[in-house]
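Report on the structure given below.
The values are calculated or read from the model by the stated rules, or taken from the named source; none is laboratory data. This structure is a prediction, so every number in the text was calculated from the model and none was measured. Backbone-built Cβ (ideal geometry, glycine too); neighbour counts: all protein chains shown. Heavy atoms of the whole protein, side chains included, go into the accessibility calculation; ligands, DNA and RNA do not. Shrake-Rupley method; radii C 1.70, N 1.55, O 1.52, S 1.80 Å.
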Amino acid sequence: MSLLVVGLSHRSAPVSVLERAALARETQARLAHDALAAEPATEAAVLATCNRIELYADVDKFHAGVAELSTLLARHSGVGLEELTPYLYVHYEDRAVHHLFSVACGLDSMVVGEGQILGQIKDALALGQELHTAGRLLNDLFQQALRVGKRAHSETGIDKAGQSLVTFGLEQLANGTPVTEWAADKRALVIGAGSMSSLAAATLARAGVAHIAVANRTLERAERLARILTEPGAPGAVTATAVEMTAVPDELALADIVVSCTGATGLVLTVETVRAALAARDGAALALLDLAMPRDIDAAVHRLDAAALVDIETLAEASADAPMASDVDQVRTIVSDEVAAFGAAQRAAHITPTVVALRTMAADVVAGEMARLNGRLPGLDDKQRAEITQTVRRVVDKLLHAPTVRVKELASTPGGAGYADALRELFDLDPQAVAAVSKADPQHGRPNTARESA
């Protein structure tokens with residue numbers, strides 16, 4: 001396993017840098033393709049959220065891989081390599097696995113324990129599969145990360161510490177007042193209709209707001225979200241309407257709470273727009289939550305007297321003082337155990353093609369010797385021939401059983417990859433025969449296209 005991750009997050013970089021480095025989905029796809037085209041990488045996947053950008057790859061050269069992946073991140077993010085490098089972190093092999101599993105459990109999130117990261121990891125895997133840049137290793141890695149994250153949430157109380165950025169942001173706006181009391185009977189405006197905006201709308205509905213207006217560049221998506229909010233069984237008793245983006249200034253003057261999370265590359269709400277809305281409100285306060293990266297709402301809104309703005313930068317500062325749940329240590333233990341198990345499984349899988357090639361060679365030897373015996377003893381009847389064949393096969397199986405079982409056990413230990421090389425050398429196995437088994441990818445029953453086409 002030569003897993004490498006190069007990335008930056010709210011833990012390593014200021015929000016201003018993260019904001020500039022944010023990647024649209026199309027850019028993520030180009031980054032993954034370019035990483036796969038780079039010489040050191042045979043698989044690639046991109047995990048991009050509002051507070052992290054990470055590039056995962058299976059590489060055959062560590063230093064060349066770090067250099068290439070760092071350069072690609074700089075090129076596609078638009079932040080110069082010299083400026084970006086101080087904020088990048090690098091994890092390799094088991095440390096890279098440990099990092100992703102920790103991320104999946106919410107241990108590395110801005111709000112410890114938040115569960116939305118699981119959906120974002122799932123999206124990263126789906127993109128890698130769609131682009132055919134994720135092969136055996138990254139498929140195994142991301143799928144296992146999802147299982148580890150779900151295990152952490154089901155077996156521990158990490159959810160007590162974990163909450164979504166939406167809830168955390170609303171708590172900051174409520175400033176000590178229970179959110180349900182603060183939001184009761186207010187009017188809300190949600191800008192955007194993606195997963196984060198949908199979560200925000202549902203959270204506001206549960207908090208007791210009276211009405212939610214949903215604005216989106218594609219009106220049909222806004223209408224769909226509005227319908228979901230008012231369906232029987234939906235959280236809260238709320239009315240909802242969908243509006244065009246051109247209606248946002250008018251809705252802004254009516255709303256008490258605004259949550260914005262779009263994929264726009266520029267500002268959605270300028271300070272002039274918010275100032276005009278405040279003037280139309282006759283001094284009534286306006287609470288704004290900006291969950292977008294890059295930001296949707298002009299940071300200059302912080303300076304307006306009647307406006308309270310919480311954005312990613314505010315949340316990063318507030319989360320630094322957030323209490324850690326006692327279950328965090330238990331989650332860390334789960335992560336450590338799962339990393340060890342994943343590493344052992346990957347190392348054991350590495351030797352499987354060699355073992356299969358060895359047994360195939362042994363079967364060919366048996367078949368060849370039986371053919372030679374048939375030529376020398378043509379008088380054998382079918383029953384005698386079958387009994388001799390079965391006896392020879394049993395002898396070969398017994399001779400190979402102990403060494404193949406033991407070599408699999410040894411291969412699962414750190415540094416165990418060398419046992420596969422020893423087995424190939426001792427039995428003079430054809431490297432092409434081993435490669436053919438690897439290409440068939442018996443673990444998944446499909447060709448390892450990402451690796452073999454690189």
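Residues in region 92-106 that are surrounded by fewer than 24 Cβ atoms within 10 Å (Cβ to Cβ) and in a loop (DSSP other than H, G, I, E, B): 1 in all. Taken together, Val335, Val301 contain a single residue that is without any contact (Cβ under 8 Å) to a residue 40 or more places away in the chain, in a helix (DSSP H, G or I), of a type in the set (A, V, I, L, M) and closer than 30 Å to Thr167 by Cα, which is Val301.
Against the test of being closer than 15 Å to Leu315 by Cα, in a helix (DSSP H, G or I) and charged (D, E, K, R), the options Glu171, Glu114, Glu130 yield a single qualifying residue, Glu171. Of the residues Thr85, Thr156, the single one that is among the hydroxyl-bearing types (Ser, Thr, Tyr), open to solvent by less than 30 Å² (accessible area, probe 1.4 Å) and farther than 22 Å from Leu289 by Cβ is Thr156. Yes or no: Leu377 in contact (Cβ under 8 Å) with a residue 40 or more places away in the chain and not polar (S, T, N, Q)? Judged against the criteria, Leu377 is not a match. When the residues of region 208-218 are filtered to those that are open to solvent by less than 40 Å² (accessible area, probe 1.4 Å) and within 29 Å of the chain's Cα centre (by Cα), the one that is farthest from Ala255 (Cα to Cα) is Asn216.
Here Gly368 meets each of (1) within 25 Å of Ala285 (Cβ to Cβ); (2) without any contact (Cβ under 8 Å) to a residue 12 or more places away in the chain with one exception, condition (1). Counting residues in region 17-24 that are closer than 27 Å to Gly115 by Cβ, surrounded by 15 or more Cβ atoms within 10 Å (Cβ to Cβ) and without any contact (Cβ under 8 Å) to a residue 60 or more places away in the chain gives one or more. Residue pairs whose Cβ atoms lie under 9 Å apart, separated by 6 or more positions or on different chains, with the first residue in region 50-78 and of a type in the set (Val, Ile, Thr) and the second surrounded by fewer than 22 Cβ atoms within 10 Å (Cβ to Cβ) and part of a helix (DSSP H, G or I), are Ile53/Ser77; Val59/Val66; Thr71/Leu81. Just checking, which of Ala242, Ala226, Ala308, Ala247 is open to solvent by 40 Å² or more (accessible area, probe 1.4 Å), within 20 Å of Lys186 (Cβ to Cβ), in contact with a strand residue (DSSP E or B) (Cβ under 7 Å, 6 or more places away or on another chain) and small (Gly, Ala, Ser)? Answer to the selection: Ala308. Scan region 259-271 and give yes if some residue there is farther than 20 Å from Asp298 by Cβ and of a type in the set (A, V, I, L, M), otherwise no. No, region 259-271 has no match at all.
One residue stands out in region 361-417 among those that are open to solvent by 50 Å² or more (accessible area, probe 1.4 Å), closer than 30 Å to Glu338 by Cβ and among the β-branched types (Val, Ile, Thr): the one that is modelled with the lowest pLDDT, namely Thr413. Looking at region 28-66, which of the residues that are closer than 23 Å to Leu118 by Cβ and of a type in the set (S, T, N, Q) is surrounded by the fewest Cβ atoms within 10 Å (Cβ to Cβ)? So, considering only residues that are closer than 23 Å to Leu118 by Cβ and of a type in the set (S, T, N, Q), the one surrounded by the fewest Cβ atoms within 10 Å (Cβ to Cβ) is Gln28.
Per-residue answers, yes or no, for (1) closer than 17 Å to Thr230 by Cα; (2) under 19 Å from the mean Cα position of the chain (by Cα); (3) open to solvent by 40 Å² or more (accessible area, probe 1.4 Å):
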{"site": "Leu137", "(1), (2), (3)": "no, yes, no"}
{"site": "Leu146", "(1), (2), (3)": "no, yes, no"}
{"site": "Glu171", "(1), (2), (3)": "no, no, yes"}
{"site": "Pro178", "(1), (2), (3)": "no, no, yes"}
{"site": "Glu181", "(1), (2), (3)": "no, no, yes"}
{"site": "Lys186", "(1), (2), (3)": "yes, no, yes"}
{"site": "Gly192", "(1), (2), (3)": "no, no, no"}
{"site": "Ala200", "(1), (2), (3)": "yes, no, no"}
{"site": "Thr203", "(1), (2), (3)": "yes, no, no"}
